[in-house]
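For reference, the structure is listed below as structure tokens.
Since every read-out is calculated from the coordinates, none of them should be taken as a lab result. Quantities reported herein were computed from a predicted structural model and do not represent experimental measurements. Here the Cβ positions follow ideal geometry from the backbone for every residue, glycine too, while neighbour counts run over all protein chains shown.
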Amino acid sequence: MPIVVQKGDLTKIPCDAIVNPANSFGYMDGGVAGAIKRIGGVEIEKQAIAKAPIPVGTAVFTVAGCLPCNFVIHAPTMKQPAMRIGVENVRDAIRAALGLGVELKLKTIAIPGMGTGVGGVPTDIAAEAIVNIAKGFEDNFEKIILIDRNNGLIDSFKKYL
């Protein structure tokens, strides 16, 4: 099955691209985005900001800096940093990220929990949305990796898969 669930660190996974649950401005200060910038380098954020505004429901890609992947796909779940959002934003972001992955002809893509941090979407609801959207893209990738460090999210990914 091309969708796999893995507990781990998004910034350490070798793949074609990782997905950043971004904001429309491209700022990468906290949460998953902050970790991507800290480990991958500030050039990732600089390129994301240069492509902003990035509306929710669209995605852009940047270099991956020092990360073990080729690209970072920035798929905003929120317009402004630290906004509370609904699950529809998660669906729109995942659809946009995977759609861009198809355009880029990627074989492997890694997706963290989206909207479950500052966005405030309950883990179980976000996981169901992410898995359901990913299932519609299975034929376009060799592997879609759903990855997170949160046991609850990992369990929810597995439940809906």
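Brief remarks follow.
- Condition met for Val5 (within 13 Å of the chain's Cα centre (by Cα), in a strand (DSSP E or B) and in contact (Cβ under 8 Å) with a residue 24 or more places away in the chain): no
- Among the residues of the range 20-50, those identified as outside any helix (DSSP H, G or I) and in contact with a His (Cβ under 8 Å, 6 or more places away or on another chain) are Asn20, Ala22, Gly26.
- Residues of the range 88-98 that turn out to be farther than 21 Å from Gln6 by Cβ and either surrounded by fewer than 18 Cβ atoms within 10 Å (Cβ to Cβ) or touching a residue at least 60 places away in the same chain (Cβ under 8 Å) (or both), as a count: 1
- Residues located in the range 108-161, provided they are within 17 Å of Lys7 (Cβ to Cβ), more than 12 Å from the chain's Cα centre (by Cα) and part of a strand (DSSP E or B): Lys143
- Scanning the range 8-19 for residues that are hydrophobic (A, V, I, L, M, F, W, C) and in a helix (DSSP H, G or I) yields a single hit, Leu10.
- Just one of the listed residues (Thr108, Thr77, Thr62) is without any contact (Cβ under 8 Å) to a residue 24 or more places away in the chain, on the phi < 0 side of the Ramachandran plot and of a type in the set (S, T, N, Q), namely Thr62.
- In the range 115-151, the residues that are buried (at least 18 other Cβ atoms within 10 Å of the Cβ) and in contact with a Lys or Arg (Cβ under 6 Å, 6 or more places away or on another chain): Ala129, Ile133
- Scan of the range 65-87 for residues that are outside any strand (DSSP E or B) and crowded, with 22+ Cβ neighbours inside 10 Å, ordered by number: Leu67, Ile85
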